Amino acid sequence: MVSVEDLHRSYGTGPTAVHALRGASLDVPRGELVALKGRSGAGKTTLLNLIGGLDAPDRGRVVVDGTDLSSLGGNELLELRRDRVGFVFQSFGLIPILTAAENVGVPLRLRKAAAREREERVALLLALVGLTDHAAQRPGELSGGQQQRVAIARALANRPALLIADEPTAQLDAHTGLAVMELLRTVVRSEGATALVATHDPQLLELADRVVELSDGRIVENGQEPRRTGATASP
């Protein structure tokens, strides 16, 4: 699903330049949930931004769903991000004046999906994340965990092949964060998607199929950790 080869990315020039990535390589099979861990500044966000087409590497290659991102123009990258990649951010990024249902439907409107298709997809996704009864509420009327559930549903609106989540539980308490991560695992399975999730929480790392560790812009560990078992919490 994702192939990253010898990625380098620096910001600035000269002695003050920040070398965010220094030759990172990674392959992610379809259907896998991969967690990226590492201290702040290790390169997790930069790697996710390059894979999602939000930034371009100084050197190296990114292939997503069979497409080499370096071969795409600006409009083609926009289409890729709209139709094939879903993003979940720690700040939720919901539109305050829109209801939960309207927020989830934004990507479908951008794609000019028919009203009936849009309504059916939004209803399905809100049910999937357990928010059917909150469809008419605005973000300010929802808890942090509920807002992140709306953000996850929105990220899945256009049936993306790849879901990218950058510290999606950073603004949540431990209990709610665990429930959101478990939800991510569930929706990845039910939607047939692949997911890359940046997190530093050991409990959340246990839910991944594989944990990849970055340090100083390099991948230093690319192994397997057991998934957590037990009852699923709810925010």
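Please state which of the following conditions Val88 fails to meet, knowing it meets all the rest: (1) assigned to a strand (DSSP E or B); (2) at pLDDT 95 or above.
Unmet condition: (2).
Hey, any hits in the range 79-87 for a residue that's on the phi > 0 side of the Ramachandran plot and surrounded by fewer than 21 Cβ atoms within 10 Å (Cβ to Cβ)?
no
Which of the residues spanning the range 80-108 are without any contact (Cβ under 8 Å) to a residue 40 or more places away in the chain and under 13 Å from the mean Cα position of the chain (by Cα)?
Arg81
With respect to Glu167, determine if the residue is of a type in the set (Asp, Glu) and either surrounded by 20 or more Cβ atoms within 10 Å (Cβ to Cβ) or in contact with a helix residue (DSSP H, G or I) (Cβ under 7 Å, 6 or more places away or on another chain) (or both).
Here the answer is yes, as Glu167 does meet what is asked.
Tally up the residues in the range 26-83 that are aliphatic (A, V, I, L, M) and part of a loop (DSSP other than H, G, I, E, B), please.
The qualifying residues number 4.
Among the residues of the range 116-149 satisfying the criterion of being among the polar types (S, T, N, Q) and outside any helix (DSSP H, G or I), which is farthest from His175 (Cα to Cα)?
It comes out as Gln137.
The conditions are (1) in contact with a helix residue (DSSP H, G or I) (Cβ under 8 Å, 6 or more places away or on another chain); (2) of a type in the set (A, V, I, L, M, F, W, C); (3) over 23 Å from Asp27 (Cα atoms), and Leu156 fails exactly one of them. Which is it?
(3)
Quick test for you: out of Leu48, Leu69, Leu36, pick the one residue that is buried (at least 17 other Cβ atoms within 10 Å of the Cβ), under 16 Å from Glu213 (Cα atoms) and in contact with a helix residue (DSSP H, G or I) (Cβ under 8 Å, 6 or more places away or on another chain).
Going through Leu48, Leu69, Leu36 in turn, just one is buried (at least 17 other Cβ atoms within 10 Å of the Cβ), under 16 Å from Glu213 (Cα atoms) and in contact with a helix residue (DSSP H, G or I) (Cβ under 8 Å, 6 or more places away or on another chain): Leu36.
Which one of these is at pLDDT 85 or above and more than 18 Å from Leu21 (Cα to Cα): Thr186, Thr199?
Result: Thr186 is the single residue among Thr186, Thr199 that is at pLDDT 85 or above and more than 18 Å from Leu21 (Cα to Cα).
So, in the range 1-30, exactly how many residues are surrounded by 15 or more Cβ atoms within 10 Å (Cβ to Cβ) and either aromatic (Phe, Trp, Tyr) or out of contact with any helix residue (DSSP H, G or I) (no Cβ under 7 Å at 6 or more places or on another chain) (or both)?
So the count comes out to 9.
Only one residue in Gly144, Gly130, Gly105, Gly140 is farther than 26 Å from Gly31 by Cβ and at pLDDT below 95. Which one?
None of the other options fit; the residue is Gly144.
The values are calculated or read from the model by the stated rules, or taken from the named source; none is laboratory data. Here the structure is a predicted model, which means the values were calculated and not measured. For neighbour counting, all protein chains shown are included, and Cβ atoms are generated from backbone atoms with ideal geometry for every residue, glycine included.
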